[in-house]
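Single-structure report; data block below.
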Amino acid sequence: MGLTVFRYRRRTVLAIIAIVLLLLITLWRTAEWAERIGLENLHERAQHDLSLFVAHLQGELARYQSLPTLLATEEVLAGVFQNPDHNVNLVNRHLKTINDIVDAADIYLMDATGLTVAASNWNTSRPFVGRNFGFRPYFQEAMQGQLGRYYALGTTSKERGYYFAYPIRRKGYTLGAVVVKISLDVIESAWGDDGNAFIVTDPDGVIFITTRSEWKFNTLKALPRERIARIKASRRYGDTDLPPLPVVTQRPFADQARILRLREPIQGASAKTRQVTYLMQGRAMLDAGWKVHVLSNLAPVRKQVFNATLLAGFVFALLVLTTLFVRLRQQNAVALRRARDQLEQRVKERTADLSESNKRLRREIVERNRAEEDLRQTQDELIQAAKLAGIGQMSAGINHELNQPLSAIRSYADNARALMDRNRQDEAQWNLVQIAELTERMAQIIKQLKLFARKTSEQTTPVSLQGSIDAALSLLATRIHREQARVIRDLPIQDCLVLGDAVRLEQVFVNLIVNALDSMSNSEYRELSIKTVIHDNAQVTVSLRDTGPGIPESHLSRIFDPFFTTKEAGQGLGLGLSISYRIIDGWGGVLKAVNHPEGGAIFYLDLPLVPIQEEADVLTEEAAASHG
């Protein structure tokens, strides 16, 4: 038994060692393959980017290459050398105009000795006029009858530039040269990114164009002292030290390509550096005598290697785990079958319990729906009762409104009969007209009472806010007049539409106005102010302020509770404000009350407005109905 256990453990250890070795070999080969593929892809993409950059650089130079040749044919420039009385200021302005049009750095005119006699920058702080640039190779090439080309750091402007020069010849004599200086700074800013860095070197290996500012005027490798002395003597790069790039290591990769590791400063840490690896490849620009290089950061390749290695490790682990899973599955098939049988039995028992619970839940839902329906019906009946109670409270005013026209009708009828007996038809006709007008007035009063007393539907529709306020004031006009209350309306000219029910909204305003009149019953000065404010065409606030004694602080939190009232017995049930609060809340609005600092109470009613397009549709339908 002990020997068997030993052999089993030995096989297990050997299997683990073999798996680990196989994993290491797989990861190493995967990393090697991923790095090779990544470098090849990066090399191909960089070659494409290099071709685009070279083409763009050649295009920028080609834009200005023929410009000095063209300018050399202008007589206005040659006249400076042929006529001593020639207006040089006119030539300066002419050169500036051309310089602004072609967007060059500078354009200037040199005589046969190299002295600048006219320039586009004659009126700047560092003009070229009066300075001798005869030592520049581009001038010497132009005086030999050739198109001069040269790149250097300006001795006067201290700005890098590429120079084109061409001789001005008349009658076989070389009078001078015209020079066009262009700036290639835009190339650096347009092509720089985090992945690729472009550099342009002269025949000595000095970097004079680069998308990385810290590499400017560095060299690809350390130059001998003699060559540095020659470069400084030419004043091509001024007093620059020309240090070499901080190369840590390098190795060849392919033809015209190598892998460099450079030391670079870390942004935000002045004394700290980091090492960054690049794939560097170059291409010569024979016309300009330059060599263009592209340095591609190997960070994406390293990331690809890491991802590929991680994926290989994951796949390897997945294969190992799958093998172990299959073996364990075979070993545990019996146990799983036994557990499944037990689970099925438990599921059956649990299903029976759930079925019984579902039956109880359905019964509870039916009872809840029935209770909600009863509550909704009770609420509607309560609202209707409150309206009828309101009509009862307004009965005195209604009697006055109806008795007055009835008495007038009786008088007009008696007068009309007497006038007809006397054959005074015109005067009798006038009495009949007055009777008809009084009858119409009574019909309007009864119509408003019928509308206010009718039951409402559950559906919400766009309702006129001003119309509801006007209807409520009309219903309570008699009481307002009797109590000598003053009503101040501050409503917008344009009507506002809110989503609700016309009858219920009218009832809300009736309740609020009645509440205000009740609170002012013992006040010497009775004034009710109704104001409407619209917020961002999305919400409207209606405020109703009275001049009563206000609401006691202890009652502010309870005034919207059902059956809460401070009135004497028989004067109200305390349902008006509670019903109004629930109506407004059901429409997504807010009803609240506060005390004004100067006295009296203010009720604020916030309601959402109907969207503008829907409001326009409603107004269009109402207009069509009125004309139909």
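The values are calculated or read from the model by the stated rules, or taken from the named source; none is laboratory data. For clarity, every value in this text was computed on a predicted model and none was experimentally measured. Neighbour counts run over all protein chains shown; Cβ positions are idealised from the backbone, glycine included. SASA here: full protein model, heavy atoms, side chains in, ligands and nucleic acids out. Shrake-Rupley method; radii C 1.70, N 1.55, O 1.52, S 1.80 Å.
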(request) Would you please give the residues with an amide H less than 5 Å from that of residue 253, counting only those at least 5 places away or on a separate chain, with H modeled from the backbone geometry? (result) 258, 259
(request) Determine the relative contact order of segment 146-263: mean sequence separation of Cα pairs under 8 Å and six or more apart, normalised by residue count, in whole percent. (result) 16 percent
(message) Suppose a student asked you for the relative contact order of segment 44-132, using Cα pairs under 8 Å spaced at least 6 residues apart; what percent would you report?
(response) 17 percent
(message) Under 8 Å for C-alpha pairs, at least 6 residues apart: give me the relative contact order for segment 120-159, rounded to a whole percent.
(response) 30 percent
(message) Less than 9 Å Cβ to Cβ from residue 210, Lys/Arg counted +1 and Asp/Glu -1: what total charge do the surrounding residues give?
(response) 0
(message) What distance in nm lies between label points placed 7 Å from Cα along the C-beta direction at residue 274 and residue 524?
(response) 8.4 nm
(request) Counting only heavy atoms of the protein chains, get the accessible area per residue of segment 65-124 (1.4 Å probe) and round it to a whole Å² value. (result) 48 Å²
(message) Can you compute 3J(HN,Hα) from phi for each residue in segment 318-326, using the Karplus curve 6.51 cos²θ - 1.76 cosθ + 1.60 with θ = phi - 60°, rounded to whole Hz and x for Gly and Pro?
(response) 5, 5, 4, 5, 5, 4, 5, 5, 4
(request) Take 506, 427, 598 and sort them by solvent-accessible surface of the protein heavy atoms, 1.4 Å probe, largest at the top. (result) 598, 427, 506
(request) Using only protein heavy atoms and a 1.4 Å probe, report how much of residue 475 is accessible, in Å² to the nearest 10. (result) 20 Å²
(message) Around residue 74, under 15 Å between beta carbons, what's the net of Lys plus Arg minus Asp minus Glu among the other residues?
(response) +3
(request) Heavy atoms only, probe 1.4 angstrom, no DNA, RNA or ligands counted: give me 213, 464 ranked by accessible area, highest first. (result) 213, 464
(request) Calculate, axis by axis, the spread of Cα positions in segment 326-368 along the three principal axes, and write the results as whole Å, longest axis first. (result) 56, 16, 5
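Note down the net charge around residue 596, summing +1 for each Lys or Arg and -1 for each Asp or Glu among other residues with Cβ under 14 Å from its Cβ.
Working: positive: 531, 545, 592; negative: 527, 546, 553, 598.
Net local charge, residue 596 excluded: -1.
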